[in-house]
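What follows is a set of notes on a single structure, which appears directly below.
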Amino acid sequence: MQKKEQIYEGKAKKVFATDDPELLIVDYKDDATAFNGQKKGTIAGKGVVNNRMSNALMRLLEKKGIPTHFVRELSERETLVKRVRIVPLEVIVRNLSAGSFSKRYGVEEGIPFEMPVIEFSYKNDALGDPLLNTDHALALKLATAEEIGIIRSYSLQIDRCLQSFWGECGVTLVDFKLEFGRTADGTLILADEISPDTCRLWDSATGEKLDKDRFRRDLGGVEEAYAEIMRRLEAHAE
Ligand code: TMP
């Protein structure tokens, strides 16, 4: 697959055109940002971990019937994906309290929920990705009611599948963020990435954080945490 011009550069990835208009190449960087880009840094080897992990998890989800953008891993940092128009909703699924949930509602981190909590943010850096509900998303025409129904249903299925996978790795899936996109024919598929940048992953035995919170919160051992979570995944992925 011929890598052609760069069409987009985000905080953690570059996206390139290919000779097929329906396919793109994603190239994962080691750059890390937090707090809407206010904090910047580098996590050596992160791009390789995020590329490999995201691909392994998307392959797993495909097997469970969730359509994803994943086509083929091209190298340790590059993957061929289906071109989509991203639905401008960040879908957050929470199984335990943490992060902005704990802050907003004044509860400690680590309280398990009886049911997963689904939350939407408006994907808009200029506004700081504000939280919104389904009515807001419909009023802003970010997605149709049917699409939001499909997104909720896929997100819950993904949560069950990933909780079970990470459980076998001795890891608690605390929360994560998903993005969906529409292909040329309007089909909704899972896009973006599933990685330690977009998930909270805690060692089930010790509670140790094995994700980007180590960078966000200056906890140290950032590279080691990315390497450790990759080791856990590779010990379990087929
Ligand atoms: P939050 O508790 O800060 O809202 O984050 C919830 C989850 O979403 C957490 O697993 C990290 C992930 N996330 C992203 O992937 N991108 C973001 O920009 C933010 C704020 C969170």
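A few notes on this one:
- Residue under evaluation residue 142, criteria (1) among the aliphatic types (A, V, I, L, M); (2) under 30 Å from residue 20 (Cβ atoms); (3) within 13 Å of the ligand (Cβ to nearest atom); (4) more than 16 Å from the chain's Cα centre (by Cα), criterion not met: (3)
- Of all positions in region 121-138, at least one carries a residue that is within 11 Å of the ligand (Cβ to nearest atom) and either farther than 20 Å from residue 101 by Cα or assigned to a helix (DSSP H, G or I) (or both).
- Residue ID - farthest from residue 88 (Cα to Cα), chosen from residues in region 167-201 that are without any contact (Cβ under 8 Å) to a residue 60 or more places away in the chain and of a type outside the set (D, E, K, R): 167
- Taking the criterion of being touching a residue at least 24 places away in the same chain (Cβ under 8 Å), outside any strand (DSSP E or B) and surrounded by 13 or more Cβ atoms within 10 Å (Cβ to Cβ), the residues of region 3-21 that qualify are 11, 12.
- Between 152, 217, the distinction of being within 14 Å of the ligand (Cβ to nearest atom) and surrounded by fewer than 18 Cβ atoms within 10 Å (Cβ to Cβ) belongs to 217 only.
- Residue identified as modelled with pLDDT of 95 or more and in a loop (DSSP other than H, G, I, E, B) among 100, 75: 75
The values are calculated or read from the model by the stated rules, or taken from the named source; none is laboratory data. Bear in mind that the values here come from a model prediction, so they are computed numbers and not experimental data. With ideal geometry, Cβ positions are generated from the backbone for all residues, glycine too; neighbour counts draw on all protein chains shown.
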